[in-house]
Amino acid sequence: MNYPSFSSVARFAAACCIAASLLAVPAFSQTAQAPTASDHEMNMSGGGMAHMAGHMYLSAPRPTQPGDRQRADAIVIAARQAMEPYRDYRKALADGYQIFLPNLPQPQYHFTQYDNARQAQTHFDPLKPTSLLYKKTADGGYQLVGAMYTDRVSASEEELNDRIPLSIARWHQHVNFCKAPSGEWASYFGPDAKFGLLGSIHTKEACEAEGGVFIPHVFGWMVHVYPYETDPKKIWSIDDDADGHDNMDHSAMPGMKTN
């Protein structure tokens, strides 16, 4: 299938939500409460990823507390340790990691260990990331660049902070997904998209008015880490950049929801 040509992050986000909804993966949360309209209005300040305005929800940054940097640095060390055996992507595949949407061009590919994802619902082990993050190489292989940790959609920010200090890293959720009615596949894509994580619809009322199915949260809480980076701003980051990994400038993110 040929996908329209738009930004790599946008394409990836659309593919994630479309694939998950069409396959009815259990990771969707249709019953959890979505951020309210007032939340959206209060949190429109700050934040890039403008193509996902109304569909991203960030944990609130916290003031740095004693020990936060040391805790975060220890997690980076553990993440690097967890990643090292998998510099060769074939080892990851052999050990049960599965590539999410391998045939879709993406800025980075999530190699997911679903046993780790299930364990992460109740327990945080930095040596067991949910996903390993790879960039595609010119020879058709993959270069390891980072890891992703997850938590259940209902986790409190206090729990997120206990796992990774919110003064250092910001977790994110994909929210306000409107699943298109049958036959409206094309409306997920392009500058006039209505449905999905790129769409103009981000409320239950608007979604139902268009005959869609509103899903408040897609997957759960997620955070990326790039242990091989030397710039602290790039180690814990969200927005995709030209290097194929995240590098968000939180001061320039119009339309990004923050919790």
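The values are calculated or read from the model by the stated rules, or taken from the named source; none is laboratory data. The structure presented is a predicted model; accordingly, all values stated were derived computationally and were not measured. Here the Cβ positions follow ideal geometry from the backbone for every residue, glycine too, while neighbour counts run over all protein chains shown.
Of everything in region 184-243 that is among the β-branched types (V, I, T) and surrounded by 19 or more Cβ atoms within 10 Å (Cβ to Cβ), the residue that is nearest to D162 (Cα to Cα) is V223. With respect to the conditions (1) surrounded by fewer than 20 Cβ atoms within 10 Å (Cβ to Cβ); (2) at pLDDT below 95, Q106 lacks only one, and its number is (1). Across region 127-142, the number of residues qualifying as over 15 Å from P85 (Cβ atoms), surrounded by fewer than 20 Cβ atoms within 10 Å (Cβ to Cβ) and of a type outside the set (D, E) comes to 6. Scanning region 217-259 for residues that are assigned to a strand (DSSP E or B), at pLDDT below 85 and under 27 Å from Y114 (Cα atoms) gives H217, V218, F219, D240, D246. Out of contact with any Lys or Arg (no Cβ under 6 Å at 6 or more places or on another chain), part of a loop (DSSP other than H, G, I, E, B) and touching a residue at least 12 places away in the same chain (Cβ under 8 Å): is that true of A155 in this structure? Spelling it out, A155 is indeed out of contact with any Lys or Arg (no Cβ under 6 Å at 6 or more places or on another chain), part of a loop (DSSP other than H, G, I, E, B) and touching a residue at least 12 places away in the same chain (Cβ under 8 Å). Kindly check whether there is at least one residue in region 172-179 that is closer than 30 Å to E84 by Cα, in contact with an Asp or Glu (Cβ under 8 Å, 6 or more places away or on another chain) and assigned to a strand (DSSP E or B). Looking for residues that are closer than 30 Å to E84 by Cα, in contact with an Asp or Glu (Cβ under 8 Å, 6 or more places away or on another chain) and assigned to a strand (DSSP E or B), one finds none in region 172-179, hence no.
Of all the numbered requirements in (1) at pLDDT 90 or above; (2) more than 16 Å from the chain's Cα centre (by Cα), A186 misses one, and that requirement is (1).
Considering region 152-167, the residues that are modelled with pLDDT of 95 or more and touching a Ser or Thr at 6+ places or on another chain (Cβ under 6 Å) include one that is nearest to T64 (Cα to Cα), namely S167. Of the residues that make up region 193-207, is at least one in a helix (DSSP H, G or I) and either within 27 Å of I75 (Cβ to Cβ) or small (G, A, S) (or both)? Looking for residues that are in a helix (DSSP H, G or I) and either within 27 Å of I75 (Cβ to Cβ) or small (G, A, S) (or both), one finds at least one in region 193-207, hence yes.
Scoring Y149 on the criteria (1) under 23 Å from D115 (Cβ atoms); (2) surrounded by fewer than 17 Cβ atoms within 10 Å (Cβ to Cβ); (3) of a type in the set (S, T, Y); (4) modelled with pLDDT of 95 or more leaves a single failure, condition (2). Pairs meeting the criteria (first residue in region 110-132 and over 20 Å from A74 (Cα atoms), second residue at pLDDT below 95 and among the aromatic types (F, W, Y), beta carbons under 6 Å, at least 6 apart or on different chains) are H110/F100; T112/F100. Surrounded by 22 or more Cβ atoms within 10 Å (Cβ to Cβ), under 21 Å from F111 (Cα atoms) and in contact with a Phe, Trp or Tyr (Cβ under 6 Å, 6 or more places away or on another chain), is that true of V175? It is false that V175 is surrounded by 22 or more Cβ atoms within 10 Å (Cβ to Cβ), under 21 Å from F111 (Cα atoms) and in contact with a Phe, Trp or Tyr (Cβ under 6 Å, 6 or more places away or on another chain).
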